[in-house]
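The values are calculated or read from the model by the stated rules, or taken from the named source; none is laboratory data. Given the structure is predicted, the values throughout are model-derived calculations rather than measurements. Ideal geometry is used to build each Cβ from the backbone, glycine not excepted, and the neighbour counts take in all protein chains shown. Calculation scope for accessible area: heavy atoms of the full protein, side chains included, ligands and nucleic acids excluded. Shrake-Rupley method; radii C 1.70, N 1.55, O 1.52, S 1.80 Å.
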Amino acid sequence: MVYLTGDGDDGGGVPDGLSAAEVGMWQAFRNGSVYDLRTGHADRDDPHGGHPWGPERSVRARIVAWLLLDGPPALPGRVPSLKLQGVRIVDVLDLAGGSIVPYVEMKQCRFESEVVLPETHFTTVRLVDCSVPRLEAARLRTEGDLHLPRCRFHNGVRLTDARIGTDLLLNEAVAFRGRNGRAVAGDGLSVGQDLQAELLETHGELSLRGADVGVSLSLRGSLLSNTRGRYALNAPQMTVGRSLYLTPAAVGDPAYTSGRTPARGTRTRRFECVGGLRLDDGRIGDAVDLGSARFTLGNEQEVSLRRIQTPELRFLCERPERGTVVLSGARVVTLVDKSTSWPGPGQIRIGGFAYESLVSPGPGSFSSFSLNRRLDWLAAATPEYNPEPYERLASVLRAGGEDADAREVLLAKQRRRRETLPVTGKVWGRLQDVTVAYGYRPGRAALWMALLWAAGAVAFAHAPHPPMQPGEGPRWSPALYALDLLLPVIDIDQAHSWRMTGPWQWAAALLVLAGWILATTVAAGATRLLRRG
């Protein structure tokens, strides 16, 4: 290669054999300026459109690599950088293992072949609104940002074990299925600050297994679709320093809000997941927000949050029509949910799900959780009887000062348990329920006692009552006699002083039996309350 140099040249002259477009790029690199080959016609400048770009807009990938890896020195007072706009890059851009010092920014460029960046070290690199057949960037490292907004990746993106110093941006990007069915492979990815993938569109699996995001991960308004695999988002063992957002985003200008409240009348797009979602064993520092999210699942697919740990889970999504929501072993401090978000019986799994407080948005609204709806939620989540979810809910209600509601939950637990008992157990359970509601409504026992006492006093007033020992014992009192029979522990010396004969013996025996049933049931209920208190 021969360099063309002029008088006073500093050694950074233009090599021979370059096309006119490449000469312009070389000079712009030394000057640190933008090299713009756009025509000014939107349809012709669209990198994703079908309009051909000729040699006048084309540069070879190896010349781009030459500039980045071993480019000429900058002009005096300038910083070398590669800033391309509206340029077509021909052949494979291979920078594998290289160390890139110049700043890199390519906007509305068209790559004819894949971009190969494994184990490449950048300061900052930005590809904005570019058409890329495939980005292969395993173990990529950047000191600053990696920006890929509005790019289209026709055969996927690989960022496995990449290390991004500050932010990773995938806003409005589109990634199609690549190798192994993955649209974006980011297993082991590490991002120093935010991973923003708002309004992202994937056709294939978005895999973030074991990823580590320093601040927040935003998938606001994104469409994740994987119709030929199990998961649309597969991110077990992921760590996020603050919050994970699966919520709506504003569509317009600006297209993504990054958490800002859209202006009134702004059109929004919700987060949508066509296929399963897995966040098992994740550690989220502040919150997991599923506000208005939509899940389209197959019968065997799941929204799986097994063993996730986060201070707040905002389960405010649309109710999935099919599939299963799994929270087994999850641990959260605050569960914010609404009754219209949870699927029906057999579609919820919450065994071992631990939470400390409940919040339902919109007090008094249709979406608020009444106690009856909360009990329906527990029944739907426990197709086979399991006492732990009932006891967990009762504990949370009691901690919030809702003692009456806590007793209703424990009563519902006893009724569910009764369904699993043999016939004799069901009969005994039904008797306890009707009489004193398993001891959780002690006032009912007092009412039964009063009714039985009154009935016994009236009945025994007409009964013959010869004394056990003539001339001894207290004076006959039918009211005290009935009370002595009803109270199984206290002896007021009436039942042992008078003898019933004939059918009255059976009446006395029934009254004794009723007294024991009421007393033992109340005692059992009081014991349960004291133990849990």
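Computing the accessible area with a 1.4 Å probe over protein heavy atoms, can you report the carbon and sulfur percentage for the stretch 90-173? Walk me through the intermediate numbers first.
Values: 1220 of 2840 Å².
In the stretch 90-173, the share of accessible area belonging to carbon and sulfur is 43 percent.
Residues in the stretch 55-90, backbone N under 15 Å from the label point at T123 (7 Å along the Cα-to-beta-carbon vector): list them, ranges by number please.
68-75, 77-83, by backbone N distance to the label point.
Shape of the stretch 114-255 from its Cα gyration tensor (a ≥ b ≥ c, root eigenvalues): rounded if a/c is under 1.5, otherwise prolate when a/b > b/c, or oblate?
On the way: a/c = 1.16, a/b = 1.06, b/c = 1.09.
The shape class here is rounded.
Provide H41, H462, H203 ordered by accessible surface of protein heavy atoms (probe 1.4 Å), highest first. Mind showing how you got there, number by number?
Numbers: H41 95, H462 145, H203 60 Å².
The ordering from most to least exposed comes out as H462, H41, H203.
How large is the helix-only mean residue ellipticity at 222 nm for the chain, computed as the sum of -39500 (n - 2.57) over DSSP H runs with n ≥ 4, divided by its residue count, in deg cm²/dmol to the nearest 500? Intermediate results must be reported in sequence, preceding the final value.
On the way: 10 runs with 138 residues, N = 533.
After summing the helix terms and dividing by residue count, I get -8500 deg cm²/dmol.
Find how much the distance from S292 to R38 grows on full extension, using 0.36 nm per residue of separation minus their present alpha carbon separation; answer in nm with one decimal.
Numbers: separation 254, 0.36 × 254 = 91.44 nm, distance 4.03 nm.
Gain on extension, S292 to R38, equals 87.4 nm.
Convex hull volume of the Cα atoms in the chain, per residue, in Å³?
On the way: hull volume 91.4 nm³, N = 533.
Here the figure is 171 Å³ per residue.
Once the Cβ-Cβ distance between L69 and R283 is put in as r, and R0 is 41 Å, what FRET efficiency do you end up with, to the nearest 0.05? Walk me through the numbers on the way to the answer.
Values: r = 39 Å, r/R0 = 0.95.
It comes to 0.60.
Provide the FRET efficiency to the nearest 0.05 for the E143-V23 pair, computing r from the beta carbons and using R0 = 45 Å.
According to the calculation, E is roughly 0.90.
Could you please put K83, K413 in sequence from largest to smallest accessible area, using a 1.4 Å probe? Provide the component values of the computation, followed by the final result.
On the way: K83 55, K413 10 Å².
Highest to lowest solvent-accessible surface, that is K83, K413.
For q values of 0.14, 0.21 Å⁻¹, compute log₁₀ I(q)/I(0) with the Debye formula on a Cα-only model of the stretch 1-139, without solvent.
Log10 of I(q)/I(0), two decimals: -0.63, -1.36.
In what sequence, highest mean first, do 336-346, 108-118 appear when ranked by Cβ atoms within 10 angstrom? Write out the running numbers ahead of the final one.
Working: 336-346: 16.9, 108-118: 21.2.
Ranked from most to least packed, the peptides come out as 108-118, 336-346.
Could you order L371, L75, L148 so the one with the most accessible surface comes first? Probe is 1.4 Å.
On the way: L371 45, L75 65, L148 0 Å².
Ranking L371, L75, L148 by accessible area, largest first, yields L75, L371, L148.
If you project the alpha carbons of the stretch 135-216 onto the principal axes, what extent comes out on each, in Å, largest first?
Dimensions of the stretch 135-216 along the principal axes of its Cα atoms: 27, 22, 18 Å.
Only Cα pairs under 8 Å and at least 6 apart count here; give the relative contact order of the chain as a rounded whole percent. Show your work: numbers first, answer last.
Numbers: 1357 pairs, mean separation 27.7, N = 533.
Dividing the mean separation by the residue count of the chain yields 5 percent.
How much area per residue is accessible in the chain when the probe is 1.4 Å and only protein heavy atoms are counted (Å²)?
Values: 24260 Å² over 533 residues.
Result: 46 Å² of accessible area for each residue.
Loop-only GluC sites (Glu not before Pro) in the stretch 289-336, please: DSSP not H, G, I, E or B, and at most 10 other Cβ atoms within 10 Å. Kindly include the intermediate steps, with their values, before the conclusion.
Numbers: sites: E300, E302, E312, E318, E321; in loops: E300, E318, E321.
Answer by residue number: E300.
Could you work out how far apart the two model spin labels at E321 and T227 are, taking each label as a point 7 Å from the Cα in the direction of the beta carbon, and quote it in nm?
Computed distance between label sites E321 and T227 equals 1.5 nm.
At 7 Å along Cα-to-Cβ for each site, give me the label-to-label distance between S477 and V458 in nm.
Using points 7 Å along Cα→Cβ, the separation is 2.1 nm.
Suppose the chain between N299 and T424 were pulled fully straight at 0.36 nm per residue; how much longer would it get relative to their current alpha carbon spacing? Spell out each step's value before the answer.
Details: separation 125, 0.36 × 125 = 45.00 nm, distance 3.86 nm.
Length difference between fully extended and current span is 41.1 nm.
If we sort 204-215, 415-426 on the protection proxy, mean other Cβ atoms within 10 Å, highest first, what's the order? The partial results should precede the final answer.
Working: 204-215: 22.9, 415-426: 12.2.
Highest-to-lowest ranking by the protection proxy: 204-215, 415-426.
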